[in-house]
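Following: one structure in structure tokens, then a few remarks.
The values are calculated or read from the model by the stated rules, or taken from the named source; none is laboratory data. It should be emphasised that the depicted structure is a prediction, and the values quoted were computed from it without experimental measurement. Every residue, glycine as well, gets a Cβ built from its backbone with ideal geometry; the counts of neighbours run over all protein chains shown. Keep in mind that these areas ignore ligands, DNA and RNA; they rest on the heavy atoms of the full protein, side chains included. Shrake-Rupley method; radii C 1.70, N 1.55, O 1.52, S 1.80 Å.
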Amino acid sequence: MKRRLKILVLGATLLVAAPVGQAVAKGLDFNGLKVIDVGFPEEFARRMKEIGYKAKLEYEDDGTPIISGRVSRLNYFIRFYNCEDKADCKHAIFSCGYDVEGRISLEFANRWNAKEPLGTFRIDDEGDPWIYHTINLVGGMTFKNLEDTLDWWADTLDTFKRRVDNKEEGETELPPAPPGAVYEDL
């Protein structure tokens, strides 16, 4: 009896999962949502262009797919990771950095990281600012989600550039500490 139940559950799971997997692989609508497999860098770049962003797909010497683009007068890169034969990638990291006069302070970076919901701020060895954002590509994304992710990245780069160029620290207060935690002033 248990064996029949397991086979029945497995069969039902496959019946439901197969259309979803096919919808993602083929970029078909599923329940009214256009699902695309953004784990394929060519598809990711094509959809970026369709949304209105510049996207140039290239490959690093080790075969890692990388898309370059430009927003807010900044060049950025989307590097794909955990790929199989330059495709079926599991995640991607957006990154952008540029040279500035002088050095960005650690306090500046820490304030950004404490307040901004998107983009991890880092400082390179020369004191220049870099920002990163990781996204999960497993299972695909709806077209609307990809568009929103790209728009959010563009807004983040605009804020990043404005704050770095103007040395804007933003608010000086840190967010409230969770119960039992203590923030030290940066």
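Taking the criterion of being within 30 Å of residue 104 (Cβ to Cβ), surrounded by 14 or more Cβ atoms within 10 Å (Cβ to Cβ) and β-branched (Val, Ile, Thr), the only residue of region 133-143 that qualifies is 135. Kindly evaluate residue 156 against the criterion of being touching a Gly at 6+ places or on another chain (Cβ under 8 Å) and modelled with pLDDT of 90 or more. Against the criterion (touching a Gly at 6+ places or on another chain (Cβ under 8 Å) and modelled with pLDDT of 90 or more), residue 156 qualifies. For residue 111, the stated conditions do not hold, so it cannot be described as modelled with pLDDT under 95, open to solvent by 50 Å² or more (accessible area, probe 1.4 Å) and basic (Lys, Arg). Taken together, 58, 43 contain a single residue that is open to solvent by less than 60 Å² (accessible area, probe 1.4 Å), acidic (Asp, Glu) and at pLDDT 95 or above, which is 43.
The rows are residues; the columns are (1) in a strand (DSSP E or B); (2) surrounded by 15 or more Cβ atoms within 10 Å (Cβ to Cβ); (3) at pLDDT 95 or above.
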site	(1), (2), (3)
76	yes, yes, yes
80	yes, yes, yes
107	no, no, no
125	no, no, no
131	yes, yes, yes
145	no, yes, no
150	no, yes, yes
172	no, no, no
